[in-house]
Amino acid sequence: MKFRYHFQKVVDLKSNEKTQAEWMLSSAIGKLQTEEEHLMQLINDRNSLMDIIQSSAESCASASSLQELQRYAYHLDECISRKSSDVKHAQVNVQRNQTFLNGKVIDEKVWLGARDKAKIRFQQEMLLREQNDLDEMATVRFAAKAGRAN
């Protein structure tokens, strides 16, 4: 007789939910990395621009070109501020997905544990039945030999 767990569909469902949570976390991490890369690019652009502004100021560039560069620096500052906010939101999303995944992992472990306990009980019952069958066969043989001996 083969072991069949009555709640196997629940175990499968919990496993699928965990897999989906892993995908969601992976997607959130990818989004966070993209946002962080974009933020770093903006910071690098601003640093390069500051070097250009400094060298332009030292080479006596026109006031209008310096003002234009300063406006662009201000624009980059705003972009950096918005992107920093996006990074923070992405970090929160990663944390939320990590927490969600942890819950799904625990859920799956509980159901797998229940299935394992049921399987152990089933195996013990099968061993007990087998032992009882062997004991009964030994008793029948003993009774048959005892009956012939009389």
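Here S15 passes the criteria (1) touching a residue at least 40 places away in the same chain (Cβ under 8 Å); (2) loosely packed, with under 12 Cβ neighbours inside 10 Å; (3) among the polar types (S, T, N, Q) except the one numbered (2). Taken across the stretch 10-24, residues that are part of a helix (DSSP H, G or I), charged (D, E, K, R) and modelled with pLDDT under 95 do not occur at all.
When A118, A114, A143, A138 are checked against the criterion of being among the small types (G, A, S) and under 22 Å from A21 (Cα atoms), a single residue qualifies: A114.
Table: residues versus (1) touching a residue at least 24 places away in the same chain (Cβ under 8 Å); (2) under 30 Å from H89 (Cα atoms).
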position	(1), (2)
Y5	yes, no
L25	yes, yes
N44	no, yes
L49	yes, yes
I53	no, no
A57	no, no
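Mind checking which residues of the stretch 66-96 are aromatic (F, W, Y) and either under 28 Å from the mean Cα position of the chain (by Cα) or surrounded by 15 or more Cβ atoms within 10 Å (Cβ to Cβ) (or both)? Within the stretch 66-96, Y72 is the sole residue that qualifies.
The values are calculated or read from the model by the stated rules, or taken from the named source; none is laboratory data. Keep in mind that this is a model prediction, so the values were computed, not measured. Here the Cβ is made from the backbone with ideal geometry for all residues, glycine too, and neighbour counts use every protein chain on show.
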